[in-house]
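Data block below; observations after.
The values are calculated or read from the model by the stated rules, or taken from the named source; none is laboratory data. No experiment lies behind these values; they were computed from the predicted model shown. In this analysis, Cβ positions are derived from the backbone assuming ideal geometry, glycine residues included, and neighbour counts consider all displayed protein chains.
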Amino acid sequence: MTGTAAPSIDKKADLPNKSKINIDEYFDGRSVTVLLITLFLVSAISQVDRMLPFVLAESIKEDLDLSDTEIGLLTGIAFAVCYTLLSMPLARAADRGSPRSVLILCFLLWSAMTVLGGLAMSFLFLAFTRFGVAFGEAGGTPASHAIIARKVPPERRGLALGIFSMGIPLGTMMGFAVGGAIGDTLGWRAALVGAGVLGMFIALLALAVIRSTPPLKRSATDSKPFLKASLQLLSSPSFRWLFISSVALGFAAAPFYAFAVPFLIRTHDYSASEAGLAFGLLQGLMGICGTLAGGRLFDRAVRSGTGRVLGPPAILLMIASLTTTAALFTPTGWLSILLFVPGMLSFAFLLPWCFGAAHLVAGKGREAMATSLAMIGSGLFGPALGPLIVGMISDAATTARVPNGIGLGLLIVPVAGILTGIAMLIANQRIAALLGRQSTLVEV
């Protein structure tokens, strides 16, 4: 399977070719470790701030006398749309300017807005603060990925992306466990204020740890408006199939995390605490193992020189789709949980592969844009529509008195998982062909 790369991609640049690397730009040894620990904390705190309104929803609703619709607006589509669409201009700023400055400013913004959320006395003010959190967090991941691309040597970049991505499952666990405990003992306001203040301290740590990241030299291509540059990147068959796979992934992951625990409660009679504890602990463990293993294996795939950098996560995701289908219809509760584990692992495992492959295709100086487009693909359509589709199928099945309606609705997860795997395998072929042509041109 072949394809022609978009004109915006420099075929001679951006490969992990040692002859083209300015070693002085990269961190090494202890500096890399400190940098990655700091960026991991950024990722984890970002996820904590994002998850807190979910675990604190009942307390917020009672205190501010909100409706379920208003709670849904605070935690649902409004946040997702703001977060994903604002990531594009912020990613462009990180690519063209200083990703360190973008990260610090965004981090301070979302932390301050989290603190203000704890002081809210009305729905409108709380909604304003959540939009502010979305605005800040929209630049966090693209800027962090741009810093990794500029400060971590290419042969270690996959592991670096894995360590950064590990903040997602661990931040989710912290948000639900610690946030819930603080909310129960000190109130929801204390939980939000505490998380925001902690974020400000970590932002100052990031300011001290991350060295200056001056703007890269711009080419004629880089001077184009970010929307035009994004569309030109999407015109590359390699990146287009990556984007398609990210869209399909959103329809697999979002309903899985939204409805897996309710499925266990309704279908297998688990209590909320039992299902939440089992799912949360396994998700955290699989998140750690998946992101670290995925990062290491991605680095190995890049060093192999074949250009085939998406095969393993695609295959694992398709296997997980089969086990997830079985989990939805097995009559045994513990076996259902066990069959969900490959899905948890696969969603974490593919993160370093997909982001790393996107950076390879986009090229040097466009890593944040590539991250932003992947975030838009996975974070906008699937989270907005996937859970809605599951809910509609479940309600229709319940009305028709069909048993296991939520399980039927959750079939969207394995179907979307299979489609994601297929799109990733096509992207794998395209990227291998593209990088093979680049290698030939570099040698010449």
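Here are the numbers for the structure shown:
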quantity	calculated
Cβ-Cβ under 7 Å pairs, at least 6 apart or on other chains, the stretch 236-260 side closer than 15 Å to TRP353 by Cβ, far side aromatic (Phe, Trp, Tyr) and in a helix (DSSP H, G or I)	ALA253/PHE347
Residue within the stretch 349-356 that is more than 17 Å from SER144 (Cβ to Cβ), among the aliphatic types (A, V, I, L, M) and out of contact with any Lys or Arg (no Cβ under 7 Å at 6 or more places or on another chain) present	yes
Pairs, first crowded, with 20+ Cβ neighbours inside 10 Å in the stretch 317-344, second in a helix (DSSP H, G or I) and polar (S, T, N, Q), C-beta under 6 Å, six or more apart	LEU317/SER346; LEU317/THR420; ALA320/SER346; ALA327/SER336; LEU339/THR323; PRO342/THR323; GLY343/THR324; MET344/GLN283
Residue in the stretch 143-152 that is in a helix (DSSP H, G or I), farther than 21 Å from ILE104 by Cβ and outside the structural domain of MET286 (by TED's automatic domain parsing) present	no
Hey, PHE259 buried (at least 21 other Cβ atoms within 10 Å of the Cβ) and either touching an Asp or Glu at 6+ places or on another chain (Cβ under 7 Å) or more than 30 Å from ARG92 (Cβ to Cβ) (or both) or not	yes
Members of the stretch 231-250 that are in contact with a Ser or Thr (Cβ under 8 Å, 6 or more places away or on another chain) and either in a helix (DSSP H, G or I) or more than 17 Å from MET369 (Cβ to Cβ) (or both)	GLN232, LEU233, PRO237, SER245, SER246, VAL247, ALA248, LEU249, GLY250
Residue that is surrounded by the fewest Cβ atoms within 10 Å (Cβ to Cβ) [pool: residues in the stretch 298-316 that are among the hydrophobic types (A, V, I, L, M, F, W, C) and within 19 Å of the chain's Cα centre (by Cα)]	LEU316
Single condition ALA149 does not satisfy, out of (1) at pLDDT 90 or above; (2) surrounded by 21 or more Cβ atoms within 10 Å (Cβ to Cβ); (3) of a type in the set (Gly, Ala, Ser)	(1)
Qualifying helices (runs of 4 or more DSSP H) (wholly inside the stretch 326-444; at least 1 residues being in contact with a strand residue (DSSP E or B) (Cβ under 6 Å, 6 or more places away or on another chain) and among the basic types (Lys, Arg))	none
Any hit, the stretch 36-47, residues being modelled with pLDDT under 90 and closer than 25 Å to LEU126 by Cβ	yes
